[in-house]
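Here is the structure we will look at, set down as structure tokens.
The values are calculated or read from the model by the stated rules, or taken from the named source; none is laboratory data. Values in this document were obtained by computation on a predicted structure and should not be read as measured data. Every residue, glycine among them, receives a Cβ derived from its backbone with ideal geometry; neighbour counts consider all protein chains shown.
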Amino acid sequence: MDTGRVIRDAEEYLQEVVWEVLAPHPRECVLCYAARMLEEHGCDETLRWVGRFRALRSPRATGLEERMRRVGGFCDCEVFLNGYGLAREHLVRDLDTDELEPPDRPPPCAGVARMDSTRPCRVWERVRRAW
Ligand SMILES: [Zn+2]
Ligand SMILES: [Zn+2]
């Protein structure tokens, strides 16, 4: 018996199961999905979750990763550092610093009109940073 092969098969199977668990919710937008995955699984310094979303929902939207890079998102967490933040109405005022901060629990996804949409829902807006 080829144990190496058995282990490989088992790993492949697990990988598939894991990927199914990691699928976006119905009508969840790319950014809510990526934010949720980042929260649970972290960033591997690639656009892993954005790419995953595209592969599952909109395989032909090949410009999606490029769009993220254009707003400074060279990996999933950078999308949120440089590209998009929660819209103002979702932020809460920190009483210590008097600054608007993201809430502890992110707002639910507002949803996208079409399952294959790669647009962020209205929970998000582009952040403009003065460099
Ligand atoms: Zn990152
Ligand atoms: Zn959303």
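Matching residues to (1) in a helix (DSSP H, G or I); (2) within 13 Å of the chain's Cα centre (by Cα):
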{"site": "ILE7", "(1), (2)": "yes, no"}
{"site": "TYR13", "(1), (2)": "yes, no"}
{"site": "HIS25", "(1), (2)": "no, yes"}
{"site": "LEU31", "(1), (2)": "yes, yes"}
{"site": "ALA35", "(1), (2)": "yes, yes"}
{"site": "GLU39", "(1), (2)": "yes, yes"}
{"site": "THR46", "(1), (2)": "no, yes"}
{"site": "ARG52", "(1), (2)": "yes, yes"}
{"site": "PRO59", "(1), (2)": "no, no"}
key: the range 87-131, residues that are within 13 Å of ligand 2 (Cβ to nearest atom), out of contact with any helix residue (DSSP H, G or I) (no Cβ under 8 Å at 6 or more places or on another chain) and part of a strand (DSSP E or B)   = none
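Inside the range 43-69, can you point out the residues that are of a type in the set (A, V, I, L, M, F, W, C), touching a residue at least 24 places away in the same chain (Cβ under 8 Å) and more than 16 Å from ligand 1 (Cβ to nearest atom)? Give the steps one after another, and end with the answer.
Restricting attention to the range 43-69, the residues satisfying the condition of being of a type in the set (A, V, I, L, M, F, W, C) are 43, 47, 49-50, 53, 55-56, 61, 64, 68.
Cutting the leftovers down to touching a residue at least 24 places away in the same chain (Cβ under 8 Å) gives us 43, 47, 49-50, 53, 56, 61, 64.
Scanning the range 43-69 gives LEU56, ALA61, LEU64.
Rundown of residues vs (1) within 16 Å of ligand 1 (Cβ to nearest atom); (2) free of Cβ contacts under 8 Å to residues at least 60 places away in the same chain, yes/no style:
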site: VAL71; (1), (2): yes, yes
site: PHE80; (1), (2): yes, yes
site: HIS90; (1), (2): no, yes
site: ARG93; (1), (2): no, yes
site: PRO106; (1), (2): no, no
site: MET115; (1), (2): no, no
site: ARG119; (1), (2): no, no
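Considering each of ASP76, ASP116 in turn, give the residue that is closer than 23 Å to VAL18 by Cα and at pLDDT below 95. Spell out the reasoning first.
Values: ASP76 fails: at pLDDT below 95.
After ruling out the rest, the residue left standing is ASP116.
Residues ARG54, ARG48, ARG67, ARG88: which one is modelled with pLDDT of 95 or more and surrounded by fewer than 17 Cβ atoms within 10 Å (Cβ to Cβ)? Break it down stepwise before answering.
On the way: ARG54 fails: surrounded by fewer than 17 Cβ atoms within 10 Å (Cβ to Cβ); ARG48 fails: surrounded by fewer than 17 Cβ atoms within 10 Å (Cβ to Cβ); ARG88 fails: modelled with pLDDT of 95 or more.
Only one candidate passes the filter, namely ARG67.
If you scan the range 1-41, which residues turn out to be among the acidic types (Asp, Glu) and without any contact (Cβ under 8 Å) to a residue 40 or more places away in the chain? Walk me through it before giving the result.
From the range 1-41, those among the acidic types (Asp, Glu) are 2, 9, 11-12, 16, 20, 28, 39-40; that's our starting set.
Of everything in the range 1-41, those that are among the acidic types (Asp, Glu) and without any contact (Cβ under 8 Å) to a residue 40 or more places away in the chain turn out to be ASP2, ASP9, GLU11, GLU12, GLU16, GLU20, GLU40.
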